[in-house]
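Step one of this worksheet: look at the structure below.
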Amino acid sequence: MQLRDYQQKAIDMTRDYIRSNPGKNPCIVLSMGSGKSHIIAQLCKDYSDENILMLAGQKELIEQN
């Protein structure tokens, strides 16, 4: 999957935060239509051995991800 520049930037910034702030949890906030599902998928792949919490306001969005 080819990510857009801003999606890759969000992933890179999240990785940097995780490395620089051990034990702390990042929060990523992006606008509608920005491809959050693609970003989530890549981060879940990168951190498959970690616990990941995703919050959404609708059951359908959780199921979609």
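Restricted to helices (runs of 4 or more DSSP H) entirely inside the chain, those with at least 2 residues that are in contact (Cβ under 8 Å) with a residue 12 or more places away in the chain are 5-20, 36-46. Within region 19-39, the set of residues being more than 14 Å from Gln2 (Cα to Cα) and β-branched (Val, Ile, Thr) comprises Ile28, Val29.
Limited to region 47-63, what total is found for residues that are among the aliphatic types (A, V, I, L, M) and either modelled with pLDDT of 85 or more or open to solvent by 100 Å² or more (accessible area, probe 1.4 Å) (or both)? Qualifying residue count, region 47-63: 2. Looking only at region 1-46, residues that are acidic (Asp, Glu) and loosely packed, with under 10 Cβ neighbours inside 10 Å come to 1 in all.
The values are calculated or read from the model by the stated rules, or taken from the named source; none is laboratory data. Here the structure is a predicted model, which is why all the values come from computation and not from measurement. We place every Cβ from the backbone using ideal geometry, glycine too, and count neighbours over all the protein chains shown. Ligands, DNA and RNA are stripped out before the accessible areas are found, and what is left, the full protein with its side chains, is counted by its heavy atoms. Shrake-Rupley method; radii C 1.70, N 1.55, O 1.52, S 1.80 Å.
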